[in-house]
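The values are calculated or read from the model by the stated rules, or taken from the named source; none is laboratory data. Remember, predicted model here, so these are calculated numbers, not experimental data. So basically every Cβ, Gly included, is an ideal-geometry build from the backbone, and we count neighbours across all protein chains shown.
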Amino acid sequence: MTYRIAVLPGDGIGPEVTREAVRVLEAVGAAAGIRFEFAEAPVGGAAVDATGDPFPPETEQLCMAADAILLGAVGGPRWDREPVPRRPESGLLRLRKAVGAYANLRPVRVHPALAGRGPLRPEVVGGGVDILIVRELTGGLYYGERGVQQEPFGERAYDTMVYTTPEIERIVRMAFQLARGRRRRVISVDKSNVLETSRLWRRVTEAVAEDFPDVELEHMLVDNAAMQLVRNPQRFDVLVTENTFGDILSDLGAALAGSLGLLPSASLGLPGRPPLFEPVHGSAPDIAGRGIANPLGAIASAAMMLRHAFGLQREAQAVEEAIDDLLAAGPWTPDIAPPGAPVASTEDVGRAIARRVRERLAPGPLEPLGPVAGRDGRGTQDGRGSQDGSGLAGDPVAAVWIAGEYGFRPLPPDEPAPPAAAPAATGTVRAGDPATGASRDAMTPDALANGPTAAGGTAADTATGTNGTATRSESPVRTPARRGTGAGTTRRRARARKGA
Ligand SMILES: NC(=O)c1ccc[n+]([C@@H]2O[C@H](COP(=O)([O-])OP(=O)(O)OC[C@H]3O[C@@H](n4cnc5c(N)ncnc54)[C@H](O)[C@@H]3O)[C@@H](O)[C@H]2O)c1
Ligand SMILES: CC(C)[C@H](C(=O)O)[C@@H](O)C(=O)O
Ligand SMILES: [Mg+2]
């Protein structure tokens, strides 16, 4: 089995951290006998310089032919005055849209060794902060109509935030599914005291929650959420929110973790499209070229790729454990080094992780890895997919995604995950995989992106049954029995377990 990885290093520290992530993947491949095929292409400012386009067609083709995409970062002052189509960030937004990467998972954990090293007191961030930010990534302000107009008094600029029921439903549903593999708490963050999109967000979230009586739902206004994340981060398990709020709150999460350089992300998307993995940070022009960027966010993103794109649980766990070891014992880049400790380079850290990964995955008698629960609450006893060997059922993310491939129909709480792919060796969990029998056309990107159809239906009307044949079904979003609580309130709703 060969896994094809499109590598888009991008700008600034992007190439520096991506190099180390690739080094670690190569170590995984060599130690575990897995073949990764890397193909590099420019994106962002580098692509503007090379071709005049921040997301050139050749890069798009490479991405579409890949099993997964690893991206560094884009942007920098050099391109800040470029017109919008030539801005590096436009390239990233086009890439995310092209692969339909609507679900951006940004885990925020505070490693015990770093609890006192960030800006917050150890008593605030110690004691097990483990948050999964689920950020909607292909809608909202980022993709709404925008413009600048000349007026007699000067200029008038506008951006618009648009969300449709299906766009909200699919991301919220994924958040609930993910919560089931964790502490079963969802905090949905919005601004429903002001924004119409947020009021729709709340209504749809309430409706989706009806299908998850075993998961506790709380709504929180985004301004309060920012404060609560700093005051009491242990309170959060899964935080689901729209695009802009998720962008801002995840950088705040980085301050909890100790450094922006630590945070990884996985962006999962539409059937038949490759998922995207990138650190949360940007191109960090202030430290670019100095070899001191922290590569752990990029390396942890590679670990998420192993798990979510390829179903390689054991290998992902080996990388994550190597990161944990290193956070405790060093070497550390300057952003996380304890006072007085020698500081290491980006490359030193990458090499140290690669060495630890090789040791962990070396052939020979292995120590039992034990349950993997912890990081996102995923994993199984054998550390490689589900215990029945299906390779997917033990992984809530994969299961959710598969559910999505079948048309984002409601997955009733007690219903087992849909048929899983053949054993982990079959690799990718994307739809269209012959192993799953799923149709690549299970749900068209247009239907998902555009929401309600002219006929008044929703994208869910074209849902596809588990046998891969097209069926018509009602919209999975029901009219909520109870509406959101309206302006300015935060409400907690605890639900009893079904049948309990
Ligand atoms: N996904 C992306 O590609 C992405 C994300 C954010 C920002 N950007 C772009 O990056 C450029 C710079 O933006 P910014 O300065 O606001 O944000 P940034 O994330 O690049 O940097 C913010 C701060 O965090 C530090 N930092 C970031 N990554 C680090 C790492 N790996 N190790 C150590 N320190 C790290 C930087 O030195 C800086 O002080 C802009 O052009 C922006 O648009 C791109
Ligand atoms: C560079 C920018 C477009 C991007 C975003 O806002 O999504 C970045 O801030 C991120 O968090 O990935
Ligand atoms: Mg950001």
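One table, with the values for the structure above:
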| quantity | calculated |
| --- | --- |
| Conditions (1) within 22 Å of residue 103 (Cα to Cα); (2) hydrophobic (A, V, I, L, M, F, W, C); (3) within 16 Å of ligand 3 (Cβ to nearest atom): number failed by residue 306 | (3) |
| The listed residue being more than 16 Å from ligand 2 (Cβ to nearest atom), out of contact with any strand residue (DSSP E or B) (no Cβ under 6 Å at 6 or more places or on another chain) and among the charged types (D, E, K, R), out of 247, 190 | 190 |
| When residues of segment 250-274 are limited to those that are in a loop (DSSP other than H, G, I, E, B) and in contact with a strand residue (DSSP E or B) (Cβ under 8 Å, 6 or more places away or on another chain), the one farthest from ligand 3 (Cβ to nearest atom) | 274 |
| Segment 323-359: number of residues that are within 22 Å of residue 18 (Cβ to Cβ) and touching a residue at least 40 places away in the same chain (Cβ under 8 Å) | 18 |
| Test: residue 127 is over 15 Å from the mean Cα position of the chain (by Cα) and modelled with pLDDT of 95 or more | no |
| Pairs, first in a helix (DSSP H, G or I) in segment 169-188, second among the polar types (S, T, N, Q), C-beta under 8 Å, six or more apart | 172/188; 172/205; 175/188 |
| Contacts under 9 angstrom Cβ, first residue in segment 283-294 being of a type outside the set (A, V, I, L, M, F, W, C), partner in a loop (DSSP other than H, G, I, E, B) and away from ligand 2 (no atom under 16 Å from the Cβ), 6 or more apart | 290/345; 291/345; 294/332; 294/333; 294/334; 294/335; 294/336 |
| Residues (more than 14 Å from ligand 2 (Cβ to nearest atom) and surrounded by fewer than 23 Cβ atoms within 10 Å (Cβ to Cβ)) located in segment 256-269 | 259 |
| Residue selected from segment 270-299 under the condition modelled with pLDDT under 95 and surrounded by fewer than 24 Cβ atoms within 10 Å (Cβ to Cβ), by the criterion nearest to ligand 1 (Cβ to nearest atom) | 273 |
| Filtered residues of segment 233-249 (kept if within 19 Å of residue 183 (Cβ to Cβ) and either within 12 Å of ligand 3 (Cβ to nearest atom) or out of contact with any helix residue (DSSP H, G or I) (no Cβ under 8 Å at 6 or more places or on another chain) (or both)) | 234, 249 |
